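The values are calculated or read from the model by the stated rules, or taken from the named source; none is laboratory data. What you see is a predicted model, and the numbers here were worked out from it, not measured in a lab. Cβ sites come from the backbone with ideal geometry, for glycine too, and all protein chains shown count toward neighbours.
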Amino acid sequence: MFRKALLIGLTIILTGCVTTECPTMPAKPTKPTLESIQQTSEGGMILSKDDAQKLGIYILELERGYNI
């Protein structure tokens, strides 16, 4: 009796796990083209305001799982 109830319970659980769809990962954002990038002698970089904004949005999209 216990085995039958256990078998039915496991069947229901496994059926529920198999029939649910896995969430799909959104498409990876395209890497922006930074035209104004310049490297400094100290190893840093200089960007225009537009390129800095593009880079910031790209980084946020990567961190948030591409959901911007």
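Data for the structure
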| item | result |
| --- | --- |
| Number of the exception - Ser41 against (1) modelled with pLDDT of 85 or more; (2) closer than 25 Å to Tyr58 by Cα | (2) |
| Test result for Ile57, surrounded by 10 or more Cβ atoms within 10 Å (Cβ to Cβ) and at pLDDT 75 or above | yes |
| The one condition in (1) modelled with pLDDT of 75 or more; (2) of a type in the set (D, E, K, R); (3) under 24 Å from Arg64 (Cβ atoms) that Arg3 fails to fulfil | (3) |
| Residue that is modelled with the highest pLDDT, among those in the range 8-27 that are of a type outside the set (Val, Ile, Thr) and loosely packed, with under 10 Cβ neighbours inside 10 Å | Ala27 |
